[in-house]
Amino acid sequence: MMPIVPVYTGRFAPSPSGPLHFGSLIAATSSYLQAKSQQGKWLLRIEDIDSPRTVAGAASSIMQTLEQFGLFWDGPVIYQSQRLARYQDIFQQLKQQDLIYGCDCSRKQISEQGGIYLGHCANRQLAANQDKQSRLAWRLRSTVNTNFYDLVFGQQQISQKLANEDYIIKRRDGLFSYQLVVVVDDWDQGITEVIRGADLIDMTPRQQALFKLLGAASPNYGHIPVAVTAPGIKLSKQNHATDIRHWSSSDALAKVLQFLGHPVPLELKAAPVTDLLNWAIPQWQLAKVSRQYEILQTEFN
Ligand code: GLU
Ligand code: ZN
């Protein structure tokens with residue numbers, strides 16, 4: 001029998017906290033091109049788990065903008081807000097396996113200890129007290145490696161301190177954390193490769209460790225430089241200069257492709273977005289993407 005090789009499956013996973021801007025268009029376009037250059041599938045997931053930060057109408061505005069740029073996704077859109085029962089199952093499983101524990105430490109206490117959680121509650125058995133259970137955050141006993149391989153940046157290392165941190169998988173306010181749901185979703189959607197912004201690169205070993213705990217195969221990860229307005233300042237959804245709705249779609253997409261190390265030939269500059277994408281798909285190589293964590297957005301204005 002022939003071994004079954006899974007179809008390349010990538011994804012774009014925006015948080016609907018505002019309209020799609022230049023920074024998120026970079027993440028969308030790079031993951032799209034990486035998938036399409038390998039005849040793969042490109043899925044869309046709306047990361048609306050953090051309900052207090054979710055803005056009404058943002059998800060549909062993001063989808064409209066993706067379509068305007070010719071970035072058509074495959075299959076149905078997944079919404080995290082509709083998957084709470086699945087997350088709860090995984091949470092119960094981790095709890096039964098004693099892989100997580102309740103924690104009542106305040107943000108202030110943790111920042112007084114240097115900002116990294118040192119496992120204060122690891123053996124306190126706080127969850128044994130039923131009355132207290134609802135007011136606890138839940139942390140995963142870390143099994144995170146310091147080393148990992150990134151498809152763009154190569155061999156990477158995080159600090160031992162960060163690797164050892166028992167991170168939150170369910171927040172004190174009862175919401176499941178990004179760290180938990182991103183892994184469950186990537187697993188359930190059969191994602192074989194994650195291409196996303198470099199602001200999340202240090203989270204990769206946490207996600208890989210959680211895949212392993214769940215007995216699932218981890219996808220490969222590649223990170224794309226982040227557009228910043230000044231060193232350390234990511235583009236914000238409120239920044240009008242980078243609101244792509246003020247640019248023509250062709251202009252904005254040409255800027256994104258230039259940012260990604262694939263400058264569009266002069267004769268294609270004003271071409272419709274589908275022509276730009278059709279040009280870019282066979283050209284696309286992650287190796288052409290810059291290995292800087294941040295690139296100043298002013299270079300693309
Ligand atoms: N929802 C996250 C964001 O918009 C992306 C998560 C991911 O790609 O893993 O920043
Ligand atoms: Zn604690």
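Quick one: is ALA287 modelled with pLDDT of 95 or more and either exposed (fewer than 13 other Cβ atoms within 10 Å of the Cβ) or part of a strand (DSSP E or B) (or both)?
Criteria met by ALA287.
Output the residues belonging to segment 1-50 that are of a type in the set (Ser, Thr, Tyr) and over 30 Å from GLN88 (Cβ atoms).
Matches in segment 1-50: TYR8, THR29, SER30, TYR32, SER37.
Applying the selection to segment 1-60, what residues are in a loop (DSSP other than H, G, I, E, B) and of a type in the set (S, T, N, Q)?
Of everything in segment 1-60, those that are in a loop (DSSP other than H, G, I, E, B) and of a type in the set (S, T, N, Q) turn out to be SER15, SER17, SER37, GLN38, GLN39, THR54.
Return the total of residues in segment 116-142 being surrounded by fewer than 16 Cβ atoms within 10 Å (Cβ to Cβ), polar (S, T, N, Q) and either touching a residue at least 40 places away in the same chain (Cβ under 8 Å) or in contact with a His (Cβ under 8 Å, 6 or more places away or on another chain) (or both).
Qualifying residue count, segment 116-142: 1.
Step by step: first the residues of segment 97-156, then only those that are of a type in the set (Asp, Glu) and not in a loop (DSSP other than H, G, I, E, B), then the one that is farthest from ligand 2 (Cβ to nearest atom). Which residue is that?
Residues of segment 97-156 that are of a type in the set (Asp, Glu), as a first pass: 98, 104, 112, 131, 150.
Adding the requirement that they be not in a loop (DSSP other than H, G, I, E, B) leaves 112, 131, 150.
Values: GLU112: 13, ASP131: 17, ASP150: 31 Å.
Per the criteria, the residue is ASP150.
Answer with yes or no whether THR204 is of a type in the set (Ser, Thr, Tyr) and touching a Ser or Thr at 6+ places or on another chain (Cβ under 8 Å). Before the answer, list the steps.
Working: of a type in the set (Ser, Thr, Tyr): yes; touching a Ser or Thr at 6+ places or on another chain (Cβ under 8 Å): no.
In short, no.
Can you tell me which residues in segment 194-216 are hydrophobic (A, V, I, L, M, F, W, C), assigned to a helix (DSSP H, G or I) and more than 12 Å from ligand 1 (Cβ to nearest atom)?
Matches in segment 194-216: ALA209, LEU210, PHE211, LEU213.
The values are calculated or read from the model by the stated rules, or taken from the named source; none is laboratory data. Remember, it's a predicted structure, so these values are computed and weren't measured experimentally. Counting neighbours? That spans all protein chains shown, and the Cβs are built from the backbone with ideal geometry, glycine included.
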